[in-house]
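Participant: This structure is in structure tokens; I'll ask about it shortly.
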Amino acid sequence: MQLIMPVLLVVIFILAAAVTVTKKLLPAVIIFMFYGLVMSAIWLLLESPDLAITEASVGAGISSILFFVTLRRLKEIDPEKNDGQDVPGGSGGASGKGGDSA
Amino acid sequence: MEQKNHENKERTVSGYIIYRLACIVFVALFVSVMLFMVSGLPEFASQQGPVSSEVSYKYLKDTVTDTGAVNAVAGMILDYRAFDTLGETCVLYAALICVLLLLGHTRLKYSKAAAGYMPGRIDLSRESNPLKDDDILKVSMRVLFPVIVLYGICVVMNGHISPGGGFSGGAVLSGAFILYANAYGEEAAEKIIGRKLYTALTAGAIGCYCLIKSAAFFMGANGIEDPFPKGIPGTLISGGVIPLLNICIGIVVACTVYGIFLLFMKGGFRE
């Protein structure tokens, strides 16, 4: 039972590094959402349920929704800078002409 | 000409590698210095640390008798340190105003964009949410919306008995309205909460918090009777003014997050 705390901390570290290393933006936001979820579990193990509820609703829910909305608006403002990534439900974004991969 | 281009490319490639290495070295140095500083802190929950001093013991011992709230966190942030919570609520309000300044659509922006003043900018006539008429979302929202609102109200009202409180419950409540706005479109969401109701709720909730807590500045000490009874600890009607303050904070947080979401989606309420 005592082993779960270091394991979760290592997972947090890996997720945080993975967010910065990921090339596409949509998977990076999803990994960030998962980071918020694991953080909420860590708050529970540290015996603060108030913070766990708040982190689950704000970090893994609302902050990620705001990220998704921003991704949609970015893609529609500058259609010629499209990397060829698909945001589900994105309307009218030009599929990248000669999309250059990073 | 081609040789010079090739040389330039090689120089930029090696410069890029040196830049990356320097970044890694700098970040590793920074992280190691931070970890060294952190290792000098007292151990987690040790007896010599500032966490286990007599101040926290006093608060944990006297919360139920002083404030009537079983949840010590709620008793701390809404009774002992209620003035700091007022500052935090004002910070939320200030964040909403900042996002409104940066992203809000005003009549000026509408007219200038229509006149072609800002080329390539946001197309205001376009429907901004293509998921508006999705059937799965609508049917599931019909079931989920009352459940989420009920859960949010439960978390807010039980802030002094169980973990939760105004901040968590407000975030859950705002989630319900965000989902509704996504499923049924922003016009249908505006029939529930329009511009006037939204302004009245946000400003009124902070004002109510100020008034209720300012009354507590002048009462409950020096022989003046405290008009709000503490009640039996553990029941819903207990803890003095803490349930009312929780409701105010829940309303403020829900409106702030919902307003920020609307500003991100389409620039605020319709004119």
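Participant: Which numbered condition in (1) crowded, with 18+ Cβ neighbours inside 10 Å; (2) at pLDDT below 85; (3) facing chain B (nearest Cβ under 9 Å) is the only one that A:Ile62 fails?
Facilitator: The single condition A:Ile62 does not satisfy is (2).
Participant: Follow-up question, since we're still on this one. Scan (1) within 24 Å of A:Ser64 (Cβ to Cβ); (2) surrounded by 13 or more Cβ atoms within 10 Å (Cβ to Cβ); (3) more than 11 Å from every other protein chain (Cβ to nearest Cβ) for the single condition B:Leu201 breaks and write down its number.
Facilitator: (1)
Participant: With respect to B:Ala171, determine if the residue is among the small types (Gly, Ala, Ser), within 9 Å of another protein chain (Cβ to nearest Cβ) and buried (at least 17 other Cβ atoms within 10 Å of the Cβ).
Facilitator: yes
The values are calculated or read from the model by the stated rules, or taken from the named source; none is laboratory data. Only a predicted model underlies this, so the values are computations on that prediction, with no experimental measurement involved. Because the Cβ atoms are built from the backbone with ideal geometry, glycine has one as well, and the counts that use them run over all protein chains shown.
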